[in-house]
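Undergrad: Questions regarding the structure given below will be posed in turn.
Just so it is clear, none of the values below were taken in a lab; they were calculated from the coordinates. Please read these numbers as outputs of a predicted model, since none were measured by experiment. So basically every Cβ, Gly included, is an ideal-geometry build from the backbone, and we count neighbours across all protein chains shown.
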C-alpha cells in the first residue's frame, strides 16, 4: 500500500523562513559602513551600495511573483531606490519586508501553481511557477547576503553569524 502524501503548505513555511532570513539579513545590513557605500572589491563587482540595495529590495520579489505573470526587462526600466546611508538602507529593507509579508499573508496556495516568466522581449530566460519564483527570491537573498559578507570581510568588518556563530563571534 502506497502512503498518502499530504501536500506541504508552502505559505506558512515561507512566512517563517522570511522572518528567519530577515533577522540574519538585517544583522548583515547593519554592518554596512556609511563611508564605504561606493567601495567595490573589483571593477566587475557591484559597489556595496548596489549590492546592499539589491539585498534590501529582494523581499519585493515575493509580491512581484504573486501579483504579476512576468517581468519583462524590455518594458520594465529598473531604477533602484537611491540609498545613501545605513539608516536609509535598513528602512528600505523593512519596507520591502513588509511588502513580502503582506503578499504571503494574502495569497492562496492555489495561486502559487500559476506560471511566471522572466524575459526580455521575445527572449525568455525562464518560466516557472510562482512558487518556484518565490523560492528563487529567497535563494537570491541568501546568495547576495553571502556576497556582502565577502565584501565586509575584505574591509575587515566583523561578520555576524547566519546559521550559527561566525568566526568573528567565536
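Undergrad: Determine, from the Cβ-Cβ distance of residue 156 and residue 79 and an R0 of 45 Å, the FRET efficiency 1/(1 + (r/R0)^6), rounded to the nearest 0.05.
TA: Result of the calculation: an efficiency of 0.85.
Undergrad: Simple spin-label model, 7 Å along Cα-to-Cβ: residue 108 to residue 91 in nm?
TA: It is 3.8 nm.
Undergrad: Additional query: How much length would be gained if the chain were fully extended between residue 147 and residue 126, taking 0.36 nm per residue of separation minus their Cα-Cα distance, in nm to one decimal?
TA: Numbers: separation 21, 0.36 × 21 = 7.56 nm, distance 2.36 nm.
Full-extension gain reported as 5.2 nm.
Undergrad: Same structure, new question: Among (1) 57, 43, 26; (2) 55, 49, 38; (3) 47, 36, 26, which one is Cα extents along the principal axes in Å computed from these coordinates?
TA: Matching entry in (1) 57, 43, 26; (2) 55, 49, 38; (3) 47, 36, 26: (1).
Undergrad: Further question on the same structure: Measure nothing fancy, just the Cα-based angle from helix 86-106's long axis to the longest principal axis of the chain, in degrees from 0 to 90, nearest 10.
TA: 10
Undergrad: With angles folded into 0 to 90 degrees, how steeply does helix 10-29 sit against the dominant principal axis of the chain? Use alpha carbons for both and round to 10.
TA: The angle comes out near 10 degrees.
Undergrad: Now a separate question. So what's the angle, to the nearest 10 degrees on a 0 to 90 scale, between helix 130-154 and the longest Cα principal axis of the chain?
TA: 10
Undergrad: If contacts are Cα pairs under 8 angstrom and at least 6 residues apart, what is the relative contact order of the chain in percent? Show your work: numbers first, answer last.
TA: Details: 191 pairs, mean separation 49.7, N = 170.
The value is 29 percent.
Undergrad: How much of the DSSP bridge set in the chain is antiparallel, in percent, rounded to the nearest 5? Could the numbers behind the result be given before it?
TA: Working: 6 of 9 bridges.
Here the share of antiparallel DSSP bridges comes out near 65 percent.
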